[in-house]
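Since the structure comes first, as structure tokens, the remarks are kept for the end.
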């Protein structure tokens, strides 16, 4: 009887892990075309597709999310190191941050306090019900998509080290 309950426990554990993975798995994978969307940046509309020609890190984050805040210094360093470099197949490297938020004050404060110097910050303050988050299948943060200059997703949730390695390999 003890052995049978261990097997059942193991199967339930595996089923739970699989359900968790499938629930949190984004809607897009490496090789997929990144879905276009329009965001309001300081009163002007900007589409993701208008940034084609650049490497883009699409970063879903929250000012209330400890793992997100922990990686912000690495993102700032990545942007500072690679934004204005010359690439063989791209004009630039950009970060587009999508805030999974409910209010502007804390979000804007975190952007300023953390030194998130890139110009592309957007939130519609609907958290995970945001049309962009829903389209991309973002159910947990941080979630990242590295997009190539043609608008294709190179990787989902890449490490900062792997992004650095890729960008370094594409320098002129």
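The values are calculated or read from the model by the stated rules, or taken from the named source; none is laboratory data. Given the structure is predicted, the values throughout are model-derived calculations rather than measurements. Positions of Cβ are generated from backbone atoms using ideal geometry, with glycine treated the same way; all protein chains shown enter the neighbour counts.
Odds and ends about this structure:
- So residue 165, is it out of contact with any helix residue (DSSP H, G or I) (no Cβ under 8 Å at 6 or more places or on another chain), within 27 Å of residue 109 (Cα to Cα) and modelled with pLDDT of 95 or more: no
- Residue within segment 120-137 that is out of contact with any strand residue (DSSP E or B) (no Cβ under 8 Å at 6 or more places or on another chain) and closer than 21 Å to residue 74 by Cα present: no
- Selected residue (criterion: surrounded by the fewest Cβ atoms within 10 Å (Cβ to Cβ)) from residues of segment 39-56 that are part of a strand (DSSP E or B) and within 17 Å of the chain's Cα centre (by Cα): 47
- Of the residues screened, residue 113 is one that is surrounded by 11 or more Cβ atoms within 10 Å (Cβ to Cβ), farther than 18 Å from residue 151 by Cβ and modelled with pLDDT of 95 or more.
- Subset tally (residues that are modelled with pLDDT of 90 or more, outside any loop (DSSP other than H, G, I, E, B) and over 13 Å from residue 136 (Cβ atoms)) for segment 23-38: 1
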